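Colleague: Shown below is the structure under consideration.
The values are calculated or read from the model by the stated rules, or taken from the named source; none is laboratory data. All values reported here derive from a predicted model rather than from experimental measurement. No Cβ is skipped: glycine too gets one built from the backbone with ideal geometry, and neighbour counts run over all protein chains shown. Ligands, DNA and RNA are excluded from the accessible area calculation, which covers all protein heavy atoms including side chains. Shrake-Rupley method; radii C 1.70, N 1.55, O 1.52, S 1.80 Å.
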Amino acid sequence: MPKHLLLNAFDMNCVGHIQQGLWTHPRDQSVRYKELAYWTDYARRLEAGLFDGIFLADVLGVYDVLGASPDAAVRHAVQVPVNDPMLLIPAMAAVTQHLGFGVTANLTYEQPFTFARRMSTLDHLTGGRIGWNIVTGYLDSAARAAGFSAQMQHDDRYDMADEYMALVRALWEGSWEDGAVVADRASGTYADPAKVHVVHHKGKQYTVDAMHLCEPSPQRTPVLYQAGASARGTRFAATHAECVFLNGQAQPAVKQQVDHLRDEAEKQGRARDAIKVFLGATIITGRTDAEAKDKFEDYRRYASTEGALVHAAASLGIDFAKYDIDEPIGTASQAIVSNVEAMTRAAGPQWTRRKLIEQLVLGSRQKPWIGSGATIAQMLVEWSEQCGVDGYNLSRTVVPECVDDFIEFVVPELQGRGAYKTRYGEGTLREKLFGGRR
């Protein structure tokens, strides 16, 4: 009997997220991203489909690597304009009971003391359904927006992140003892000062002497997500993360990444199953394989190659405009190193702009999986069994029909295979994912 797969919707508080250009499809509603009703309706749909959560990406800065200009990103709405994802969560939580919320926040530009309070607040307001996707950033435009000339070096960002994690954990876990809050109306005592402690931290990057401003939330520490797949990123994930997001490649490459991640976790004294691995996937489905293929061809007419190049240039840290169509591309980068490594594996060491464009099938480098509900369900189960992944982050294509299609066609097939839950469990997001408070 296969294990129950975990599912997150993967989205962003913007028009164009991963599949660039699909916002122009006549049935797509992502231009409504500024409307609260759009997000509350989205949350209700996901909970009706028993999704474990919605994973909200975010980026600070604009994609200005291609042609050394933000113009193409602005023209094609490539993750700009983009609104704050955290402000969506209380509204979505108010119309759901079980749906989890994984929100991206860049620790490079967040003060740990105030950020710890914001996450505790969200954990309280959601009843313990909040997760944090830990990112260190990769855009020089974000660094310039924050007053720096350029971003820190790739590995240095992770060194800073290690210290950041030690500090926010101390605030969440060590400042307020269990039982500190007594709420005794008779004596007028809300909390026992003897059980509330100041955190003293003095490190290379941060100095804090303060008690955490929030009483303990249901989870205390949010569920920790991370997407680093470089050597340094993997070591960071193996140390801190509970859920890791990997981008899809060939099965052997994914399995190698998963095995390496769990080997690293063991080196850190953790159990191999202490980390849930989510694989990124783009799904196009229908009643039959033929219907799904027709839908793909329809979607494909609206995909933007230039928009996809804008996104790829930024995430790879390479200005493709400097290269002729068949000129080998240099791969030195301080952006997302694992993306460069994955591209080199896919296209070979002498890859070119033409080879990259050939991979931009639906406005991104993520090749879609196309088929009936039964076909897709079998693929999801097989990838999980072959690669050791625990679940999937499903990128949107045309919304909301991509969510509705998955719930209508794929979910029943997974349930019929015993590979997906038929009801939610109780408890916090961490309890639902791991079966305990950990």
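Colleague: Six or more apart or on different chains, Cβ under 8 Å: which pairs go from a residue in the stretch 38-67 that's touching a residue at least 24 places away in the same chain (Cβ under 8 Å) to one that's surrounded by fewer than 21 Cβ atoms within 10 Å (Cβ to Cβ) and among the acidic types (Asp, Glu)? Could you list them?
Modeller: 45/404; 58/84; 61/140; 65/319; 66/319; 67/319
Colleague: Any idea which residue in the stretch 388-405 is nearest to the chain's Cα centre (by Cα), counting only those that are open to solvent by less than 10 Å² (accessible area, probe 1.4 Å) and over 20 Å from residue 33 (Cβ atoms)?
Modeller: 392
Colleague: Only one of these is open to solvent by 50 Å² or more (accessible area, probe 1.4 Å), over 25 Å from residue 22 (Cα atoms) and in contact (Cβ under 8 Å) with a residue 24 or more places away in the chain: 408, 385, 426. Name it. Quick ask: steps written out before the conclusion?
Modeller: Values: 408 fails: over 25 Å from residue 22 (Cα atoms); 426 fails: in contact (Cβ under 8 Å) with a residue 24 or more places away in the chain.
385 is the lone residue from the list that is open to solvent by 50 Å² or more (accessible area, probe 1.4 Å), over 25 Å from residue 22 (Cα atoms) and in contact (Cβ under 8 Å) with a residue 24 or more places away in the chain.
Colleague: Turning to a different aspect of this structure: Anything in the stretch 123-144 that is open to solvent by 10 Å² or more (accessible area, probe 1.4 Å), modelled with pLDDT of 95 or more and part of a helix (DSSP H, G or I)? List them, or say none.
Modeller: If the condition is that a residue be open to solvent by 10 Å² or more (accessible area, probe 1.4 Å), modelled with pLDDT of 95 or more and part of a helix (DSSP H, G or I), then 124, 125 are the ones that fit.
Colleague: Only one of 415, 378, 350 is surrounded by fewer than 22 Cβ atoms within 10 Å (Cβ to Cβ), within 30 Å of residue 224 (Cβ to Cβ) and not basic (Lys, Arg). Can you tell me which?
Modeller: Values: 378 fails: within 30 Å of residue 224 (Cβ to Cβ); 350 fails: within 30 Å of residue 224 (Cβ to Cβ).
Exactly one of 415, 378, 350 is surrounded by fewer than 22 Cβ atoms within 10 Å (Cβ to Cβ), within 30 Å of residue 224 (Cβ to Cβ) and not basic (Lys, Arg), namely 415.
Colleague: Could you identify the single residue in 281, 290, 237 that is at pLDDT below 95 and of a type in the set (A, V, I, L, M, F, W, C)?
Modeller: Residue meeting the stated conditions: 237.
Colleague: Just name the residue that is nearest to residue 101 (Cα to Cα) out of those in the stretch 1-40 that are among the small types (Gly, Ala, Ser) and out of contact with any Leu (no Cβ under 6 Å at 6 or more places or on another chain). Steps first, please.
Modeller: Start the filter on the stretch 1-40 by keeping residues that are among the small types (Gly, Ala, Ser), which leaves 9, 16, 21, 30, 37.
From what's left, out of contact with any Leu (no Cβ under 6 Å at 6 or more places or on another chain): 16, 21, 30, 37.
On the way: 16: 20, 21: 26, 30: 19, 37: 17 Å.
Restricting to residues being among the small types (Gly, Ala, Ser) and out of contact with any Leu (no Cβ under 6 Å at 6 or more places or on another chain), the top hit is 37.
Colleague: For a quick check of your reading: which helices (runs of 4 or more DSSP H) sit entirely within the stretch 23-114 and have at least 3 residues that are closer than 30 Å to residue 5 by Cβ? Before you say what the answer is, go through the steps one by one.
Modeller: Numbers: elements: 36-48, 71-76, 89-94.
Because the criterion is at least 3 residues that are closer than 30 Å to residue 5 by Cβ, the helices (runs of 4 or more DSSP H) in the stretch 23-114 that meet it are 36-48, 89-94.
Colleague: Exactly one of these conditions fails for residue 148: (1) open to solvent by less than 70 Å² (accessible area, probe 1.4 Å); (2) in a loop (DSSP other than H, G, I, E, B). Give me its number.
Modeller: Going through (1) open to solvent by less than 70 Å² (accessible area, probe 1.4 Å); (2) in a loop (DSSP other than H, G, I, E, B) one by one, residue 148 breaks only (1).
Colleague: If the requirement is being within 20 Å of residue 317 (Cα to Cα) and small (Gly, Ala, Ser), which of these qualifies: 57, 116, 94, 105?
Modeller: Selected residue: 57, the only one of 57, 116, 94, 105 that is within 20 Å of residue 317 (Cα to Cα) and small (Gly, Ala, Ser).
Colleague: While we're on this one: Please state which one of 220, 169 is closer than 30 Å to residue 7 by Cβ, open to solvent by 20 Å² or more (accessible area, probe 1.4 Å) and part of a helix (DSSP H, G or I). Walk me through how you get there before you give the answer.
Modeller: Details: 220 fails: part of a helix (DSSP H, G or I).
Exactly one of 220, 169 is closer than 30 Å to residue 7 by Cβ, open to solvent by 20 Å² or more (accessible area, probe 1.4 Å) and part of a helix (DSSP H, G or I), namely 169.
Colleague: Taking helices (runs of 4 or more DSSP H) that fall entirely within the stretch 327-436, which contain at least 2 residues that are modelled with pLDDT of 95 or more?
Modeller: Working: elements: 337-347, 353-359, 373-387, 401-405, 411-416, 429-434.
Here the list reads 373-387, 401-405, 411-416, 429-434.
Colleague: Something else about it: Only residues that are assigned to a helix (DSSP H, G or I), open to solvent by 10 Å² or more (accessible area, probe 1.4 Å) and either among the polar types (S, T, N, Q) or touching a helix residue (DSSP H, G or I) at 6+ places or on another chain (Cβ under 8 Å) (or both): list them for the stretch 275-294, please. Walk me through it before giving the result.
Modeller: The initial filter retains those residues of the stretch 275-294 that are assigned to a helix (DSSP H, G or I), namely 289-294.
In the following step, the residues that additionally are open to solvent by 10 Å² or more (accessible area, probe 1.4 Å) were identified as 289-291, 293-294.
Across the stretch 275-294, the qualifying residue is only 289.
Colleague: Next up: Is it fair to say residue 241 is under 16 Å from residue 279 (Cα atoms), touching a residue at least 24 places away in the same chain (Cβ under 8 Å), among the hydrophobic types (A, V, I, L, M, F, W, C) and open to solvent by 30 Å² or more (accessible area, probe 1.4 Å)?
Modeller: Working: under 16 Å from residue 279 (Cα atoms): yes; touching a residue at least 24 places away in the same chain (Cβ under 8 Å): yes; among the hydrophobic types (A, V, I, L, M, F, W, C): yes; open to solvent by 30 Å² or more (accessible area, probe 1.4 Å): no.
Taking the combined requirement at face value, the residue does not satisfy it.
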